1. Residue check, A:E192 against (1) assigned to a helix (DSSP H, G or I); (2) more than 13 Å from every other protein chain (Cβ to nearest Cβ), all met but one. Which one?
2. For the stretch B:124-223, list the strands (runs of 3 or more DSSP E) that sit wholly inside it and hold at least 2 residues that are open to solvent by less than 50 Å² (accessible area, probe 1.4 Å) and of a type in the set (A, V, I, L, M); which are they?
3. Taking the stretch A:282-326 only, how many residues are surrounded by 10 or more Cβ atoms within 10 Å (Cβ to Cβ), at pLDDT below 85 and closer than 25 Å to A:L375 by Cα?
4. If you scan the stretch A:150-182, which residues turn out to be within 16 Å of A:K57 (Cα to Cα) and within 8 Å of another protein chain (Cβ to nearest Cβ)?
5. Is it the case that A:Y213 is at pLDDT 85 or above, surrounded by 14 or more Cβ atoms within 10 Å (Cβ to Cβ) and more than 14 Å from chain B (Cβ to nearest Cβ)?
6. Tell me, which residue of the stretch B:345-363 that is crowded, with 19+ Cβ neighbours inside 10 Å and free of Cβ contacts under 8 Å to residues at least 60 places away in the same chain is farthest from the other protein chains (Cβ to nearest Cβ)?
7. What helices (runs of 4 or more DSSP H) lie completely within the stretch B:233-283 and have 2 or more residues being without any contact (Cβ under 8 Å) to a residue 12 or more places away in the chain and surrounded by fewer than 20 Cβ atoms within 10 Å (Cβ to Cβ)?
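The values are calculated or read from the model by the stated rules, or taken from the named source; none is laboratory data. Computed from a predicted model, the values in this text were never measured in an experiment. Cβ: placed from backbone, ideal geometry, glycine included. Neighbour counts: every protein chain shown. Quick note on the areas: whole protein, heavy atoms, side chains included, nothing else; ligands and nucleic acids left out. Shrake-Rupley method; radii C 1.70, N 1.55, O 1.52, S 1.80 Å.
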Amino acid sequence: MTALLQHPGYEDESLQRVAEQLPCREAQSAVLLSLMGQPQQYSYPSIFIYGHRASGKSHVMHVLLRELELPHATLSCVECVSGALLFERVLLSLFGHEAAALLPRSASLSDFVRVYRQQCSLSPAEQTRFIVTELLRDADANLLPALLRLQELVEDNVTVVLLSEIAWDKFRPNTGCFEPLLLHFPDYSKGELQQILSQDRHPSYSADFYSSYINILLGVFYSVCRDLRELRHLAALNFSKFCEPVANVSTGNGKRINRLFLTGLTAVKKKQHCAYTCLSAHTHIELPYYSKFLLIAAYLASYNPARTDKRFFLKHHGKIKKTNFLKKNEKTSNHLLGPKPFPLDRLLAIFYSVVDNRVAPTASIFSQISSLVTLQLLAQVSHEDQLDAPKYKCAVSMDFICAISRTVNFDIVKYLYDFL
Amino acid sequence: MSKRTAKDAHLPVGECVTQVGINQDLSSVYNFSDAQELHLLELLKRTAIHGESNSVLIVGPRGAGKTMLLKCVLRDLLEDKEAQKSLLQVHLNGLLQTDDRIALKEITRQLHLENVVGDKVFGSFAENLGFLLEALKKGDRSSSRPVLFILDEFDLFAHHKNQTLLYNLFDVSQSAQAPIAVVGITCRLDVLELLEKRVKSRFSHRQIHLLSSLTFTQYLERVRTQLSLPDGFPDSRFAQDWNDGVKTLCGDKSVEEVLQRHYNSSKDVRSLHMLLMLCLSRVSVAKPAIKPADLLEASRLCFADAKANMLHGLSILELCLIIAMKHLNDVYEGEPFNHQMVHNEFKKFLQRKSNSMYNFEQPVILKAFEHLQQLELIRPVDGSSAKTQREYQLMRLMLDHSQIMEALQKYPQCPTDVKQWAMSAFG
């Protein structure tokens, strides 16, 4: 495995250390090494590496640059919101504090290139300098073409390595630019994931035990998620749960161990639902009685067309003809299209017909509507200046409203047009 | 560009391999005609020696050799003693000098006139530029030193406010103030449309077009010369073996097909360099020769579809969502969809046809959907997402039908019911 990484310009020892830290990425690191060439040679001005999240792009770059001790600057575009921060970081990493201090307050690209050239003439590059940065979609329009040509603009042995999840076609400027060398980091296969995940096992458990655990874990989660970071997190989270049955057993024979694995598997499956359920903001809310009815009325107003209100909410209504065409054309199902806006009057009309006892239109009712908007259960659609006829939209899901209506003994499905 | 110069290495094969690189005499690579070179040289000589003001634009697609032409001409120009003594150069780049103010500061700096300007405040751009040119006058105050302004990415200067820099430069070149030459380099053929009327009228409308006119045989010859080692290479036996290998490589039929394909898509030198770099990166100490398989592999890497590569790494759930979107596109003829519709389509598949997939909860599917949005395989129809909820935001699929089918063929361990669902006509 380690014999694959060989390059005359670098010591075998450091290459071996690199190979140990980069399992399953030998091919990509070999390509990168050969592109980098010997340290004193120039290499291609810009390289664009793309691949899925957690496919090892920045990890490989950092390990290579650190172990081979090449001068480099690592930037994260998330931290460097403006160009000036980016330039300062680069000068700091490549040339030190004094160089970074030479930049004026809000430095432009022109200042950066000027200071870089000055520093270059003071300390010319014996080894290739690398700038590794992650590309963000909405960076400044002229930053990207300038970075791609940096080697030509500053006339120095520098290479810019750009990392991204999105393909290069989306970044290319309209009038073209200097095309970078494109490298793809393929995703890990199931076997490779197993190999990498088995490496961070707890020392008190045997390797076989842990790898069988990883096997089960992959079997459950692989169809949903292939992200290495998330899988690691899930493995760490669920391992304690998995070990409980094993810890509680003193000795085991074959059948019992099988059953243990099965209980472990169901525990892991249960965790799947918990671990993947993002904390919804609406899980536990206690609303006052009238607010619940207001919310139900808002849901009905959003998801029923206005012409059907007569049928649902009046005691003596006529029949509505629902043509066959409308019934078959599924796209008109309002639950697929999303909530529609409704005026305040309609909301109150439905509210009065839905609530059992008589309610007076006091300020407390209206203030409850405002608090529903603040809780983001309703969304205000009209402009804030319109005070006399505001429009709202209901922003809750079907499950939530069913749960709410159950607490007030209201059968909401009977009143929904889509479920007629 | 890669400049792997040969060192004094004699003996081991490893050393020789590291010295192999692309032949670097770049001026022979580009084939601008002598007429164009002479034309430009003449023009610049007239400015440098005879004090005549000129302006010219060099236009050509990316990688055609515009900057290289200018460098060659400048090199020839500076061989003349008088020009070398008196000519001043100012290099501006549209990517760096994004504003006329910054451009003026840069001009002051490159002419080494910061001390002269000091803290003076000027009323207008023209005043400032006039002052700078005045300051360049020689001792007897009779004539100014000639200045050569080189504007790279010229079309970006045309986007500045009022095009003041361009107006003033061309104005000076038309009036008798000081001998300057303005050379603009741009990749846009329609650059004159970008100029305002008053700027265009002051421009001399001299353009030099660099368009590549390589034939395929010339292209092949170029490949061979680029890959061959120069005569001065230290280890002559290795060089001989290497050059023979290159010759057989160029004669190979499959290699010629691959190069024909590259030539048909783009003739320019940069894409050729990229192909050859990738090809050479497979040469190592263990394998010190180029084989046709290397070039084929490099070509495959160059032509790889990035989106297909990304589709390969998606999870099965995400792939099923993409197939559901494809079906929605087929049924509703390309109208945008939202998350609820896709989820509905997926549920229909689970009910009717699926054996291997089981139903996931709503947040899991939403997360998969958002991952696809992050990879820009689907995009929202309009930019603002403030008013609508995430599940109801309308999106479009950015993938082609054939890309999806191809990705399915290559997908590792794809369940058969998913494949059959994809190939069926209606969801």
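1. Just one mismatch for A:E192, condition (2).
2. B:147-152, B:180-186
3. 2
4. A:E165, A:I166, A:A167, A:W168, A:L181, A:L182
5. yes
6. B:F346
7. B:236-251, B:253-265
Residue-wise test of (1) of a type in the set (A, V, I, L, M, F, W, C); (2) open to solvent by 10 Å² or more (accessible area, probe 1.4 Å).
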| position | (1), (2) |
| --- | --- |
| A:Q16 | no, yes |
| A:S34 | no, yes |
| A:I47 | yes, no |
| A:V60 | yes, no |
| A:L64 | yes, no |
| A:T74 | no, yes |
| A:A84 | yes, yes |
